[in-house]
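The next block holds one structure in the form of structure tokens; read it before the comments.
The values are calculated or read from the model by the stated rules, or taken from the named source; none is laboratory data. Since we're looking at a predicted model, the values are computed, not measured. For the accessible areas, the whole protein counts, side chains as well, though only heavy atoms, and no ligand, DNA or RNA atoms are used. Shrake-Rupley method; radii C 1.70, N 1.55, O 1.52, S 1.80 Å.
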Amino acid sequence: DYDMLTISTFIPLPGTSIWNNPEAYNCEILTRDFQKYNKDFWIMKNCKRIKREYEPLIHNKFLTIEQMVDNVRRMEAYVLETGKYNNG
């Protein structure tokens, strides 16, 4: 049994091999604005915590961007159904 589920996405860290040479890993870094790499997709707006839409920041060249977004939505729906989603 488990108490909580958390979803996260891969985040390449600046200075690592994949950050410096993403093509060697069959991926493309779509933005190097590291502030967008919020693994929980929560942001503060007008002093309120709100959930933002998932936006791919890395493109795995084996999947389309649409497939990547769909995968994240399906995983999130699954953990929400369990009632044990970690809302951060």
Worksheet item: Just for segment 55-73: of the residues that are under 18 Å from Lys36 (Cα atoms) and β-branched (Val, Ile, Thr), which one is modelled with the lowest pLDDT?
Response: Val72
Discussion item. Out of Glu81, Glu76, Glu23, I need the residue that is open to solvent by 80 Å² or more (accessible area, probe 1.4 Å), modelled with pLDDT under 90 and not aliphatic (A, V, I, L, M). Which one?
Written reply: Glu81
Worksheet entry | Selection count where residues are within 16 Å of His59 (Cα to Cα) and β-branched (Val, Ile, Thr), scope segment 1-34 | 5
